[in-house]
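J.: This is the structure I have questions about; it appears just below.
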């Protein structure tokens, strides 16, 4: 699942994926699906997982996610299905909760993923004049149904409903009253296609293979003054193992939206691509393109480290990406493996961007 700021804030129970309060919740629920593989079958033979997870990112600050999930296998050849919930709160006042239900059956041939989230997130919207503090709240519901045509490739349909209120969060400024707030209160339904081609040797800590995933949607305005719009994104991520206990991961990402897309669903660095170094609301436009590389080294069964770098651009058209300049970042990270049975890492990354700003990221799992 890869999101909007509210969706990404529930693209992150894609972390999206990643980034906003809802996205943070989304990825943490997804992590339950990755950390445990049950050998028993049936709803009654599942397992409960409860985990407090600290996080930090430049969009909504630092905080804690508390998640709980119930995992069970519908059949022997499918990934674990999940019933999960999560709640978060950050130091900038962002908070939210989400519920997820994901079902995988018939040897993973069929995949059903659903999510409901309610969040109120605070972030800075970067404008040419200055960063504008924004308070965005609302509810998000999402569902997708995918069918696996082969062991590696699947295609499906996605539905999303978003009802969100947006207000400036300037100290001392009250919320905008009706009817003027109709410009900032919108209700949108998105219909689209999702696709994935996955040859990775592992879904948690891959060392070989690749995954291509993407989504194309059409947004229909149910309330508010925004127009209907289209959005599409795709990520290509490749993994290779140059030597034992080392992995090189690379990602190429692109995004395109129509000119009527509201700002919170536009392309950005750090939105659907997982780019580190900038707030996901800092560089917004109708097109984006980014490339990232990461070197991962496992020193012991528990301790590891990474080095990463990335470069990206946003612009009104693909042939105008250079208008806004090239944005880059690099950094180092530490990894602590929280389980000997499953390769799940607690991650702390430090980055410096091309504007000489430093950012700290704390999360569970890998960035991509």
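The values are calculated or read from the model by the stated rules, or taken from the named source; none is laboratory data. Not measured: the values here are computed from a predicted model. Neighbour counts run over all protein chains shown; Cβ positions are idealised from the backbone, glycine included.
Residue-by-condition table, conditions (1) touching a strand residue (DSSP E or B) at 6+ places or on another chain (Cβ under 7 Å); (2) part of a strand (DSSP E or B):
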position: 210; (1), (2): yes, yes
position: 215; (1), (2): yes, yes
position: 218; (1), (2): yes, yes
position: 221; (1), (2): yes, yes
position: 227; (1), (2): yes, no
position: 230; (1), (2): yes, yes
position: 244; (1), (2): no, no
position: 250; (1), (2): yes, yes
position: 254; (1), (2): yes, yes
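J.: In this structure, is residue 299 over 14 Å from the mean Cα position of the chain (by Cα) and within 25 Å of residue 226 (Cβ to Cβ)? Steps first, please.
T.: On the way: over 14 Å from the mean Cα position of the chain (by Cα): yes; within 25 Å of residue 226 (Cβ to Cβ): no.
Criteria not met by residue 299.
J.: I've got another one for you. Answer yes if at least one residue in the range 300-313 is surrounded by 15 or more Cβ atoms within 10 Å (Cβ to Cβ), in contact with a helix residue (DSSP H, G or I) (Cβ under 6 Å, 6 or more places away or on another chain) and at pLDDT 95 or above, and no otherwise. Break it down stepwise before answering.
T.: Of all residues in the range 300-313, those surrounded by 15 or more Cβ atoms within 10 Å (Cβ to Cβ) come to 304, 306, 308-313.
Then drop every residue that is not in contact with a helix residue (DSSP H, G or I) (Cβ under 6 Å, 6 or more places away or on another chain), which leaves 313.
Then drop every residue that is not at pLDDT 95 or above, which leaves 313.
Among the residues of the range 300-313, at least one is surrounded by 15 or more Cβ atoms within 10 Å (Cβ to Cβ), in contact with a helix residue (DSSP H, G or I) (Cβ under 6 Å, 6 or more places away or on another chain) and at pLDDT 95 or above, which makes the answer yes.
J.: Next question. Out of all the residues in the range 308-331, which are within 21 Å of the chain's Cα centre (by Cα) and either part of a helix (DSSP H, G or I) or more than 24 Å from residue 262 (Cβ to Cβ) (or both)?
T.: 308, 309, 310, 311, 328, 329, 330, 331
J.: Now for a separate question. For the range 73-120, how many residues meet the condition of being outside any strand (DSSP E or B) and closer than 30 Å to residue 167 by Cα?
T.: Residues in the range 73-120 being outside any strand (DSSP E or B) and closer than 30 Å to residue 167 by Cα: 4 in total.
J.: Could you list all residues from the range 128-145 that are surrounded by fewer than 21 Cβ atoms within 10 Å (Cβ to Cβ) and either in contact with a strand residue (DSSP E or B) (Cβ under 6 Å, 6 or more places away or on another chain) or assigned to a strand (DSSP E or B) (or both)?
T.: 131, 132, 133, 134, 135, 137, 139, 141, 143, 144, 145 - these are the residues of the range 128-145 that are surrounded by fewer than 21 Cβ atoms within 10 Å (Cβ to Cβ) and either in contact with a strand residue (DSSP E or B) (Cβ under 6 Å, 6 or more places away or on another chain) or assigned to a strand (DSSP E or B) (or both).
J.: Of 264, 236, which residue is in contact with a helix residue (DSSP H, G or I) (Cβ under 6 Å, 6 or more places away or on another chain) and at negative phi?
T.: 264
J.: Which residues, taken from the range 104-127, are closer than 14 Å to residue 142 by Cα and surrounded by fewer than 17 Cβ atoms within 10 Å (Cβ to Cβ)?
T.: 112, 114
J.: Continuing with the same structure: Criterion first (surrounded by 17 or more Cβ atoms within 10 Å (Cβ to Cβ), within 20 Å of the chain's Cα centre (by Cα) and under 17 Å from residue 279 (Cβ atoms)) does residue 363 satisfy it?
T.: Here the answer is yes, as residue 363 does meet what is asked.
J.: I'm told residue 59 meets every condition in (1) under 24 Å from residue 232 (Cβ atoms); (2) part of a loop (DSSP other than H, G, I, E, B); (3) modelled with pLDDT under 85 except one. Can you identify the failing condition by its number?
T.: Here residue 59 clears every test but (3).
J.: Failed condition for residue 160, given (1) modelled with pLDDT of 90 or more; (2) in contact with a helix residue (DSSP H, G or I) (Cβ under 8 Å, 6 or more places away or on another chain); (3) loosely packed, with under 15 Cβ neighbours inside 10 Å, with all others met?
T.: Single failed check for residue 160: (3).
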